[in-house]
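First comes the structure, then the notes that go with it.
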Amino acid sequence: MNFKEMILEGIPNTLPEKKQRNIELSHAPKRKDILTPTEKKLAIKNALRYFSPKHHQVLAEEFYEELQNHGRIYMYRFIPNYKISARSIDEFPHQSKQAAAIMLMLSNNLDAAIAQHPEELITYGGNGSVFSNWAQYLLTMKYLAEMTDQQTLVLYSGHPMGLYPSHKDAPRVVVTNGMMIPNYSKPDDWEKFNALGVTQYGQMTAGSFMYIGPQGIVHGTTITVLNAVRMIKNRDQSVLPIFVTSGLGGMSGAQPKAAVIAKTIGIVAEVNPKAAYKRHQQGWVDEVHEEMDKLIERIRLAIKENTPVSLAYLGNIVDLWERLAIEDITIDLGSDQTSLHNPWAGGYYPIDYSFEEANEMMANDPEKFKQAVHNTLKRHVNAINTLTTKGMYFFDYGNAFLLEASRAGANILNQDGSFKYASYVQDIMGPMCFDYGFGPFRWVCASSDGKDLDTTDQIAAEVLLEMHKTAPIEIKQQIADNLLWIQEAKENKMVVGSQARILYADAEGRMKIAIAFNKAIKEGRLTAPVILGRDHHDVSGTDSPYRETSNIYDGSQFTADMAIHNVIGDSFRGATWVSIHNGGGVGWGEVINGGFGMMLDGSEDCDRRVKSMLHWDVNNGISRRSWARNDGAVFAIKRAMEMEPNLKVTIPNIADDALLDELIN
């Protein structure tokens, strides 16, 4: 059978040959043995639902073996024989062009060159899944190939519930991931219910099919580092700053590339050799060093040369921090991008153990592993505290570092119980970007042709250049940073997988760029549709008190109304697909986040949907931030109301603190 025929077959009626895991690929660590014998029976029974009873005897034994060996049932036997990648949209069998666009996007998430653990269907973050098992993938692709523009596919934490009659303006796919009853959102609840096969952790853009490889975070990291450097007072501008962090896995793999683009000396630690050398081979990190002494020598040489470079240390980040704390080297910026939202299942590795020893302990002695992680976090924080007393600016990069360090009993809290260090959203991205409506707008060329991507880069640059001419002073720097980014994007070789691009734009910028793309498709300047989306890490899509909404100070940072409103509003304003997740980015039970995808096809009707949906998708969040009394958001929403007469938002009145202090005291 050819590729299209295999897609249309779905779950094969004849069992394919049993497959062994590809040892050349990175694999998810063994999950802890959390199910009782009765629950293991239920997990196998759940998995067998996808298959004819004639196969149950063979598959039951096989699935039990997977559950015992890996802690999950992945159904390795059903890994497709074709290469999964972002092919050109017309290569996918389809009756709906929108459905074909979604097939392209989810395939990109599972491309072995992109996905962190491709055979376990995990894209990034250690547990960010596209699906829980390969039967779900096969069935979903079949449904998408068969569906029309009068149907909607419903995905229930990876499981394709089926196709339902709808209409052409409805989303083609509605995605939910991990939407647990609140009292069942603890880490062990994810372990249990994921092992049972009834829910999954979709991260932010894995289970919503909007991951575009490390580029997605290269841009945000570049903007963050640029602005972090600007915050350092009295710094010698002629000397390149040094930025130290950790993680070269999924999203974190973007850090060294961003460090170089932001013109710093970037130093990143990584414990997993496959992850470190994968990023080196892809050109995302310049050098990998396995010996600490040689790394220190190389850092000193980089300082002397004063040239942007990225250096990876193959080892534990705490070893690196502790060494830097005693060296006579000025570290300007520090952060962390280990997956501390997932500290007990491969997101963070304890010091004084090899990578292999830690993985074995994680699976076979989880309590010892947890204690080792806590001890490591204490040492981690102590070294950072030493360096910040020497002038280093440290920020939490939204990976739950501060939260997990506090839970470990590390010296991370002030006397009043607040964290010693701010999150990057509190100091940088919130007041400088999110409050003004700037966030990670992205697009993918459905032709998978680099020439189309070049054209979109040119169009976006033209739009930003025109906007910059008349932009108010409050947002001129944001537009200028993004204009420079898009002009240099091709030279910086950002593409891994799909022909994708990202930049930060406000509602006005997103709408103008999208309408310009749509016109280019209509006129034939672009050869195929363009798929719009964003990271959920944005103005409006995510309620996360320790990251996206950490600069909300009216007490509502622990509410999730905004994310729910966001996805509902996008769904009836023209999104091609919508998604709502529990747990992306900072951990299961810590965040609710919503996302969308929209296919531009060159039609006038598409212009209507762009204006309606993108306007809401941004201004919903600005409205909430304005009501929280954030100055930038108050400015932005007033400006938005001037530009759109039908927008009327409640503006807060500001109470006098002196009056309230007198009353309370």
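The values are calculated or read from the model by the stated rules, or taken from the named source; none is laboratory data. Being a predicted model, the structure only gives us computed values, none of them experimental. FYI the Cβ positions are ideal-geometry reconstructions off the backbone, even for glycines, and counts take in every protein chain you see. SASA here: full protein model, heavy atoms, side chains in, ligands and nucleic acids out. Shrake-Rupley method; radii C 1.70, N 1.55, O 1.52, S 1.80 Å.
In the full protein context, the stretch 256-333 carries 41 Å² of accessible surface per residue, based on a 1.4 Å probe and ignoring ligands, DNA and RNA. Considering only beta bridges that DSSP places wholly inside the chain, some 55 percent are antiparallel. Compared with the alpha-carbon gap, the fully stretched path from SER52 to GLU287 is longer by 79.5 nm at 0.36 nm per residue.
With R₀ fixed at 25 Å, the C-beta to C-beta distance from VAL154 to LEU8 puts the FRET efficiency at about 0.80. Size estimate for the stretch 7-49 follows the Kirkwood approach: the inverse of mean 1/r over distinct Cα pairs works out to 13.9 Å.
Equivalent-ellipsoid semi-axes for the stretch 378-503 (Cα gyration tensor, √(5λ), whole Å, largest first): 38, 19, 12.
Database remark: amide H of GLY162 closer than 5 angstrom to the amide H of VAL154 (H placed geometrically; neighbours at sequence offset of 5 or more, or on other chains; Pro and chain starts carry no H). At q = 0.16, 0.21, 0.23 Å⁻¹, what is the base-10 log of I(q)/I(0) for the stretch 1-122 according to the Debye formula with one equal point scatterer per Cα and no solvent? Please give it to two decimals. Log10 I(q)/I(0), no solvent term: -0.92, -1.28, -1.35.
Residues whose amide H falls under 5 Å from that of LEU413, counting only those 5 or more places apart or on a different chain, are LYS420, with hydrogens built in the peptide plane. Note on PHE558: accessible area is roughly 140 Å² with a 1.4 Å probe, heavy atoms of protein only.
Taken over the alpha carbons of the chain as equal point scatterers, the Debye sum produces base-10 log I(q)/I(0) values at 0.05, 0.06, 0.10 Å⁻¹ of -0.22, -0.31, -0.91. Remark: the stretch 487-588 carries 31 Å² of accessible area per residue (probe radius 1.4 Å; ligands, DNA and RNA excluded).
Subtracting the Cα-Cα distance from 0.36 nm times the residue separation, let me have the gained length for ASP90 to THR470 in nm, one decimal.
Gain in length upon complete extension: 132.8 nm.
Against the empirical curve 2.2 N^0.38 Å, the C-alpha radius of gyration of the stretch 273-317 lands at a ratio of 1.15. Restricting the calculation to Cα atoms, the stretch 410-452 shows an Rg/Rh of 1.36 when the hydrodynamic-style radius is the Kirkwood one.
If you wrap the tightest convex hull around every Cα atom of the stretch 18-86 and split its volume per residue, you get 120 Å³. Derived from the Cα gyration tensor, the three semi-axes of the equivalent ellipsoid of the stretch 138-241 are 40, 21, 11 Å, largest first. The C-alpha atoms of the stretch 555-665 occupy a region whose extents along the principal axes are 61, 39, 18 Å, arranged from largest to smallest. Couplings for the stretch 202-216, taken from phi via the Karplus curve 6.51 cos²θ - 1.76 cosθ + 1.60 with θ = phi - 60°, read x, 6, 9, 10, 7, x, 10, 6, 10, 6, 10, x, x, 3, x Hz in order; Gly and Pro are left as x.
What the stretch 126-199 shows is 38 Å² of accessible area per residue, with the surface traced by a 1.4 Å probe over protein heavy atoms. Take the cross-link list LYS469/LYS648; LYS32/LYS192; LYS41/LYS192; LYS257/LYS304; LYS32/LYS370 and give me the ones stretching past 18 Å between alpha-carbons. Flagged as over cut-off: LYS469/LYS648; LYS257/LYS304. The order of the peptides 150-163, 98-111 by mean Cβ neighbours within 10 Å, most packed first, is 98-111, 150-163. Counting only residues at least eight positions apart within a chain, or on another chain, the lysines with an alpha carbon under 27 Å from that of LYS522 are LYS97, LYS168, LYS451, LYS490, LYS512, LYS611.
Relative contact order (percent) for the stretch 517-665, with alpha-carbon contacts under 8 angstrom and 6 or more residues of separation? Worked out over the stretch 517-665, it gives 24 percent. Charging the Cβ of each Asp and Glu at -1 and of each Lys and Arg at +1, and nothing else, the dipole of the chain about its Cα centre rounds to 1020 debye.
Run through the stretch 113-168 and list the GluC sites (Glu not before Pro) located in a DSSP loop whose Cβ has at most 16 other Cβ atoms within 10 Å. Spell out each step's value before the answer.
Working: sites: GLU119, GLU120, GLU146; in loops: none.
For GluC sites (Glu not before Pro) across the stretch 113-168 that sit outside H, G, I, E and B with at most 16 neighbouring Cβ atoms in 10 Å, the list is empty.
THR330 exposes around 100 Å² of accessible area when a 1.4 Å probe is run over every protein chain in place. In a solvent-free Debye calculation with one equal scatterer on each Cα, what is log10 I(q)/I(0) for the stretch 515-575 at q = 0.15, 0.20 Å⁻¹, listed in the order of the q values? The computed values of log10 I(q)/I(0) come out as -0.61, -0.80. Remark: the stretch 195-200, residue by residue, has Karplus-estimated 3J(HN,Hα) of 5, 6, x, 10, 7, 8 Hz, where x stands for each Gly or Pro and the curve is 6.51 cos²θ - 1.76 cosθ + 1.60 at θ = phi - 60°.
Ranking of PHE51, PHE572 by solvent-accessible surface, largest first: PHE572, PHE51 (1.4 Å probe, protein heavy atoms only, all chains present).
Could you order ASP33, ASP452 by accessible surface area, starting with the largest, using a probe radius of 1.4 Å?
Final ranking, largest accessible area leading: ASP33, ASP452.
When peptides 576-587, 638-649, 294-305, 379-390 are sorted by average Cβ neighbour count within 10 Å, with the highest value leading, the order is 576-587, 379-390, 294-305, 638-649.
For the set LYS233/LYS263; LYS18/LYS274; LYS263/LYS519; LYS142/LYS186, the pairs lying more than 28 angstrom apart at their alpha carbons are LYS263/LYS519; LYS142/LYS186.
Accessible area per residue was computed with a 1.4 Å probe on protein heavy atoms; LYS257 scores about 30 Å². Based on alpha carbons, the Rg and Dmax found for the stretch 481-617 are 16.2, 50 Å. Short to long, the 10 Å bins of the Cα pair-distance histogram for the stretch 322-443 hold 12, 37, 32, 16, 3 percent of all pairs. Ligands, DNA and RNA left out, the 1.4 Å accessible surface of the chain is 51% carbon and sulfur atoms. Loop-located trypsin sites (Lys or Arg not before Pro) in the stretch 123-191 (DSSP state other than H, G, I, E, B) with a sparse environment of at most 13 neighbouring Cβ atoms within 10 Å: LYS168. Sorted on the mean count of surrounding Cβ atoms within 10 Å across their residues, most packed first, peptides 345-353, 22-30 read 345-353, 22-30. Computed over protein heavy atoms with a 1.4 angstrom probe, the accessible surface ordering of GLU367, GLU462, largest first, is GLU367, GLU462.
Based on alpha-carbon atoms, the Kirkwood radius and the radius of gyration of the stretch 608-648 give Rg/Rh equal to 0.98. Full extension of the chain segment joining THR38 with LYS451 gains 143.1 nm, where the gain is 0.36 nm per residue of separation less the Cα-Cα distance.
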